[in-house]
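Peer 1: Structure provided below as structure tokens; questions to follow.
The values are calculated or read from the model by the stated rules, or taken from the named source; none is laboratory data. Remember, it's a predicted structure, so these values are computed and weren't measured experimentally. Cβ placement follows ideal geometry from the backbone for every residue including glycine, while neighbour counts extend to all protein chains displayed.
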Amino acid sequence: MKTAVVTDSTAYIPKEMRDRLHIHMMPLNVIFSNEAYREEIDITADEFYEEVKRQEKLPTTSQPPIGKFVEKFEELQKEYDDVISIHLSSGISGTYQGAVSAGEMVEGIRVHAFDSEISCMVQGFYVIEAAKMALDGKGAEEIMARLEEMKPSVKAYFMADDLSHLQRGGRLSSAQALIGSLLQVKPVLHFVDKVIVPFEKIRTRKKAMKRIADLLGEEAASGEKYKAVIIHAKRESEAKDWKAELEARFPNVEFDISYFGPVIGTHLGEGSMGMGWYKI
């Protein structure tokens, strides 16, 4: 019984790791004035943020077509019995539902779709765990059970540096954005019931990042082992500094650095910073 693992581009798992762990990736698209780019394939995160500066209008995003999922599952059916398809939160994208629908259309392979209820490398935590288990020969039911077991300890908090993207993307009212920029508010956001909601409004970037670190601290105080990821939108050196500071503070937490790529960056904007973690 062989199990394949599929995810979408918003997990932002580096290609080298995808290749090594045999992870199949379905790209979402970012669209600049009618020109669609598949993220992680046609456009990198850095290229994306440069293009945003050049364009007057913010880009839009779109999910992978169901037909692409059907093609991928049919291709995998030649070699695998099961597919675990792990996607960004169904509350912010129809990608998960696309995988479910395509799974019902394909014969000869069982498709187990998993709604991560989150995104970015925190979604990637589930994908990497599933891929390692699949390579160890574990079956789909056992892998899905492990993903469900992880869910209660998976957390993520992030901060938008500039509220205009959230507002222009319909994620925030104009009045909230105007007041926010006047007061220099950095809203700390998180996922609740599959959608992005404000967690707290914090006055400065520094305080927002400290608040996120303290939230990790509340959980890491148990002394149990955690895996965490710092996620940035074109702020790599700041992410590295934060990582060094956090590693000294939390010896029981293993830290990595990832990024907000084009699709998620469309809604958060350059300068955003976040962190997610789960109990190992």
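Okay, residues lined up against (1) under 21 Å from the mean Cα position of the chain (by Cα); (2) outside any strand (DSSP E or B); (3) at pLDDT 90 or above; (4) not assigned by TED's automatic domain parsing to the domain that holds Met159:
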{"position": "Val197", "(1), (2), (3), (4)": "yes, no, no, no"}
{"position": "Lys207", "(1), (2), (3), (4)": "no, yes, yes, no"}
{"position": "Lys210", "(1), (2), (3), (4)": "no, yes, yes, no"}
{"position": "Ile230", "(1), (2), (3), (4)": "yes, no, yes, no"}
{"position": "Ser237", "(1), (2), (3), (4)": "yes, yes, yes, no"}
{"position": "Trp242", "(1), (2), (3), (4)": "yes, yes, yes, no"}
{"position": "His267", "(1), (2), (3), (4)": "yes, yes, no, no"}
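Peer 1: Would you check if there is a residue in the stretch 89-97 being of a type in the set (S, T, N, Q), in contact with a helix residue (DSSP H, G or I) (Cβ under 7 Å, 6 or more places away or on another chain), buried (at least 21 other Cβ atoms within 10 Å of the Cβ) and touching a residue at least 12 places away in the same chain (Cβ under 8 Å)?
Peer 2: As a first pass, look at the stretch 89-97 and keep what is of a type in the set (S, T, N, Q): 89-90, 93, 95, 97.
Those left that are additionally in contact with a helix residue (DSSP H, G or I) (Cβ under 7 Å, 6 or more places away or on another chain): 90.
This time we only want the ones that are buried (at least 21 other Cβ atoms within 10 Å of the Cβ), so: none.
There is no residue in the stretch 89-97 that is of a type in the set (S, T, N, Q), in contact with a helix residue (DSSP H, G or I) (Cβ under 7 Å, 6 or more places away or on another chain), buried (at least 21 other Cβ atoms within 10 Å of the Cβ) and touching a residue at least 12 places away in the same chain (Cβ under 8 Å).
Peer 1: Looking at the stretch 257-276, I want the residues that are under 12 Å from Tyr49 (Cβ atoms) and have a partner that is in a helix (DSSP H, G or I) and of a type in the set (A, V, I, L, M) with Cβ atoms under 6 Å, at least 6 apart or on another chain. Which pairs are those?
Peer 2: Pairs that qualify, where the first residue is under 12 Å from Tyr49 (Cβ atoms) and the partner is in a helix (DSSP H, G or I) and of a type in the set (A, V, I, L, M), are Tyr259/Ala45; Phe260/Leu268; Gly261/Ala45.
Peer 1: Those residues that are of a type in the set (S, T, N, Q) and either more than 27 Å from Ala102 (Cβ to Cβ) or part of a loop (DSSP other than H, G, I, E, B) (or both), I need them from the stretch 1-57; list them, please. Walk me through it before giving the result.
Peer 2: Restricting attention to the stretch 1-57, the residues satisfying the condition of being of a type in the set (S, T, N, Q) are 3, 7, 9-10, 29, 33-34, 44, 55.
Scanning the stretch 1-57 gives Ser33, Asn34, Thr44, Gln55.
Peer 1: All but one of (1) at pLDDT 95 or above; (2) buried (at least 18 other Cβ atoms within 10 Å of the Cβ); (3) in contact with a helix residue (DSSP H, G or I) (Cβ under 7 Å, 6 or more places away or on another chain) hold for Ile118, so report the exception by its number.
Peer 2: (3)
Peer 1: Still on this structure, please answer the following. Any residue in the stretch 55-66 that is surrounded by 15 or more Cβ atoms within 10 Å (Cβ to Cβ) sitting within a Cβ distance under 6 Å of a residue that is aromatic (Phe, Trp, Tyr)? List the pairs, counting only those 6 or more apart or interchain.
Peer 2: Matching pairs, first to second residue: Pro59/Phe32.
Peer 1: Go through (1) crowded, with 20+ Cβ neighbours inside 10 Å; (2) of a type in the set (A, V, I, L, M); (3) free of Cβ contacts under 8 Å to residues at least 60 places away in the same chain; (4) within 19 Å of Tyr278 (Cβ to Cβ) and name the single condition Val111 misses.
Peer 2: Tallying (1) crowded, with 20+ Cβ neighbours inside 10 Å; (2) of a type in the set (A, V, I, L, M); (3) free of Cβ contacts under 8 Å to residues at least 60 places away in the same chain; (4) within 19 Å of Tyr278 (Cβ to Cβ), Val111 fails exactly one: (4).
Peer 1: Another one. What number of residues within the stretch 212-228 satisfy the criterion of being in a strand (DSSP E or B) and exposed (fewer than 12 other Cβ atoms within 10 Å of the Cβ)?
Peer 2: At the first step, the residues of the stretch 212-228 found to be in a strand (DSSP E or B) are 226-228.
Still in the list and also exposed (fewer than 12 other Cβ atoms within 10 Å of the Cβ): none.
The qualifying residues number 0.
Peer 1: Just one of Ser101, Ser119 is touching a residue at least 40 places away in the same chain (Cβ under 8 Å) and either out of contact with any Leu (no Cβ under 9 Å at 6 or more places or on another chain) or not assigned by TED's automatic domain parsing to the domain that holds Asp214 (or both); which is it? Don't jump to the end; show me each part of the working.
Peer 2: Numbers: Ser101 fails: touching a residue at least 40 places away in the same chain (Cβ under 8 Å).
None of the other options fit; the residue is Ser119.
Peer 1: List the number of the failed condition for Gly271; all other conditions in (1) crowded, with 22+ Cβ neighbours inside 10 Å; (2) assigned to a loop (DSSP other than H, G, I, E, B) hold.
Peer 2: Of everything listed in (1) crowded, with 22+ Cβ neighbours inside 10 Å; (2) assigned to a loop (DSSP other than H, G, I, E, B), Gly271 misses just condition (1).
Peer 1: Another question about this same structure. Does the stretch 77-95 contain at least one residue that is touching a Leu at 6+ places or on another chain (Cβ under 7 Å), hydroxyl-bearing (Ser, Thr, Tyr) and closer than 15 Å to Val6 by Cα? Reasoning before the result, please.
Peer 2: Initially, the stretch 77-95 is screened for residues touching a Leu at 6+ places or on another chain (Cβ under 7 Å), giving 83, 95.
Filter again for hydroxyl-bearing (Ser, Thr, Tyr), leaving 95.
Okay, now just the ones that are also closer than 15 Å to Val6 by Cα, so 95.
The answer is yes; a qualifying residue exists.
Peer 1: Select from the stretch 1-44 the residues that are touching a helix residue (DSSP H, G or I) at 6+ places or on another chain (Cβ under 6 Å) and on the phi > 0 side of the Ramachandran plot and write down the one among them that is surrounded by the most Cβ atoms within 10 Å (Cβ to Cβ).
Peer 2: It comes out as Tyr12.
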